[in-house]
Amino acid sequence: MIVRINFPKATALFVLILSWLIFSTTPASSQPRLTQKTINEWTDNFFYSANPQLSRRKIGSNETEYIREWNAIQRIVPDILVYQSSCSGYLMWMINSYDGEDARDRRLFLVSEDLNKVADAIFYARHPELGYRRIRRGETRLANEWSRIRTSVSRLHPCHY
């Protein structure tokens, strides 16, 4: 069987695909590169929310558990941030998904997968012996600890307020 290729159509298709690849992977000129400063600010925000007893004091070089926890958060922060318009219309780095709240009784709904990732990072940094395995049925102490961490890092969308 002989396949005939219509070169003008094939060339046009090639140019179209190549253009899509170039423009879909090139960031918009209005979108700045995610900086280490922004990553560190979000990391600090989550870290100190999960560790309010530190009152935002600097971590000492001998506090290896806190350092491990901060580093674990820092590793996942770039994956959960997006550059988008805020409520006031300004473009800024924000997390991709937020939790929700029932307007009637102000009950918090922990629905953000991104914030679950933050809670996981903190939890498994505190429990490296678990090797990232899931919490098993009957491990209520661990489940309660994860829930406390998850609640501490909860965020409502800034436009919610």
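The values are calculated or read from the model by the stated rules, or taken from the named source; none is laboratory data. On a predicted model such as this, the values are computed, not experimentally measured, just so you know. Backbone-built Cβ (ideal geometry, glycine too); neighbour counts: all protein chains shown. Side chains included, ligands, DNA and RNA excluded: accessible areas come from the protein's heavy atoms. Shrake-Rupley method; radii C 1.70, N 1.55, O 1.52, S 1.80 Å.
Note on H127 and R141: the model spin-label points, each 7 Å out from Cα along the C-beta direction, lie 1.0 nm apart.
Taking the Cβ of I59 as the centre, find all other residues whose Cβ is under 14 Å away and add up their charges (Lys, Arg: +1; Asp, Glu: -1).
Numbers: positive: R56, R57, K58, R68; negative: D44, E63, E65, E69.
For residues surrounding I59, the net value is 0.
Taking the inverse of the mean 1/r over every pair of distinct Cα atoms in segment 42-161 gives a Kirkwood hydrodynamic radius of 15.5 Å. Residue-wise HN-Hα couplings along segment 93-106, as the Karplus relation 6.51 cos²θ - 1.76 cosθ + 1.60 with θ = phi - 60° gives them from phi, are 7, 9, 6, 6, 9, 10, 7, x, 9, 6, 5, 6, 10, 6 Hz; Gly and Pro carry x. In this structure the amide hydrogen of E101, modeled in the peptide plane, comes within under 5 Å of the amide hydrogens of F109, none closer than 5 places in sequence on its chain.
Solvent-accessible surface of protein heavy atoms, probed at 1.4 angstrom with all chains present, puts H127, H157 in the order H157, H127, largest first. One compactness figure for segment 37-78 is 1.06, namely its Cα radius of gyration divided by 2.2 N^0.38 Å. Solvent-free Debye calculation, one equal scatterer per alpha-carbon of segment 105-161: log10 I(q)/I(0) at 0.16, 0.20, 0.24, 0.25 Å⁻¹ equals -0.54, -0.77, -1.01, -1.07.
Using a probe radius of 1.4 Å on heavy atoms only, what accessible surface per residue do you get for segment 47-161? Whole Å² is fine. Please report the intermediate quantities before stating the final value.
Details: 7220 Å² over 115 residues.
On a per-residue basis, 63 Å².
Express in nm, to one decimal, how much length is gained between S152 and L34 on full extension, taking 0.36 nm for each residue of separation and deducting their alpha carbon distance. Spell out each step's value before the answer.
Values: separation 118, 0.36 × 118 = 42.48 nm, distance 2.49 nm.
Answer, rounded to one decimal: 40.0 nm.
Whole-Hz Karplus values for segment 70-78 come out as 4, 5, 5, 5, 4, 5, 9, 4, x Hz, taken residue by residue from phi with 6.51 cos²θ - 1.76 cosθ + 1.60 and θ = phi - 60°; glycine and proline positions read x.
Ignoring ligands, DNA and RNA, please state the percent of accessible area on segment 29-161 from carbon and sulfur, probe 1.4 Å.
Details: 4240 of 8420 Å².
Heavy-atom surface of segment 29-161 belonging to carbon and sulfur, 1.4 Å probe: 50 percent.
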